[in-house]
Amino acid sequence: MQTVLSKRLAAVAEFVPQGARLLDVGSDHAYLPIALMEEGKIDFAIAGEVVKGPYESAVHNVAGAGLADKIVVRLADGLAAFEASDKVTTITICGMGGGLIADILAAGVEKLASVDRLILQPNNREDELRAWLMNNGFKLVTEEIVTENDKFYEIMVVEHGQMTLSETDLRFGPFLNQEKSAVFKARWQRELKKLEIALPHVPENRVDDRAAISQKMTAIKEAINESK
Ligand code: SAM
């Protein structure tokens, strides 16, 4: 039976180039490499996992799909899951915090020289991840935002290159903020509501905290075109 990906992982899969040699870091169940293989989009992948339980689940699923000769499952921390001889061209890192994704990239940054594309799906701290990419010789080539089960997920497609991002770009994403999709607006509307509820609870004497919240609210209103 064909593996059906969640909307979030299906959106990530769309950005994997045909014929890529894939490393999926933090693969857990290994659904992403399995589905890409079944689709015929790739014919070599490494599913990397640092925790034994998910690693075993990946081994089980890959064997169950009859793909053990094409998907190598490795118990490894981050980018330690691949060697130059694997000729990995694309790396996916999904479903983790943006800070952790940046730490994983930083810990093996020299190995990324031979990799063409990163597809990153942080669950939070997207701004921190964008800043790391900008400061380490990477550029965003596109971004997407999807919603599933009442959560919002940003996907960053990244290649080697230079980019300069403003504070606004770091927070909202240059492509996402340009496109201003309905999902993007809904995500930031929700954040704005949270801040509107929080502000009256911050004591009057905490001037800096109040100013920071107000500044964030103003930036969000501008991003979703509700500043007037
Ligand atoms: N990538 C899958 C997805 O998006 O559905 C699974 C996401 S799951 C929430 C995060 C996985 O990353 C966990 O299985 C965790 O063990 C793994 N992980 C966390 N840090 C890791 C690291 N440094 N190296 C490899 N795997 C890691």
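The values are calculated or read from the model by the stated rules, or taken from the named source; none is laboratory data. In this text, all values refer to a predicted model and were calculated from it rather than measured experimentally. Positions of Cβ are backbone-derived with ideal geometry, glycine not excepted, and every protein chain shown enters the neighbour counts. Keep in mind that these areas ignore ligands, DNA and RNA; they rest on the heavy atoms of the full protein, side chains included. Shrake-Rupley method; radii C 1.70, N 1.55, O 1.52, S 1.80 Å.
In segment 144-163 there is no residue matching the filter, namely being open to solvent by less than 70 Å² (accessible area, probe 1.4 Å) and either in contact with a His (Cβ under 7 Å, 6 or more places away or on another chain) or more than 23 Å from Thr92 (Cβ to Cβ) (or both). Taken over segment 60-84, the criterion of being near the ligand (Cβ under 8 Å from one of its atoms) and assigned to a loop (DSSP other than H, G, I, E, B) is satisfied by Ala76, Asp77.
In segment 39-69, the qualifying residues are those that are charged (D, E, K, R) and under 14 Å from Val16 (Cα atoms), and the one that is nearest to the chain's Cα centre (by Cα) is Lys41. Note on segment 11-65: residues that are touching a Ser or Thr at 6+ places or on another chain (Cβ under 8 Å), open to solvent by 50 Å² or more (accessible area, probe 1.4 Å) and charged (D, E, K, R) amount to 3. If you filter segment 106-117 down to residues that are open to solvent by 70 Å² or more (accessible area, probe 1.4 Å) and more than 15 Å from the ligand (Cβ to nearest atom), you find that the one that is farthest from Val157 (Cα to Cα) is Glu110.
Taking the numbered list (1) in a helix (DSSP H, G or I); (2) open to solvent by less than 10 Å² (accessible area, probe 1.4 Å); (3) out of contact with any Pro (no Cβ under 9 Å at 6 or more places or on another chain) in turn, Leu120 passes all entries but (1). Considering segment 85-102, and only residues there that are more than 8 Å from the ligand (Cβ to nearest atom) and outside any loop (DSSP other than H, G, I, E, B), the residue that is most open to solvent (accessible area, probe 1.4 Å) turns out to be Ser85.
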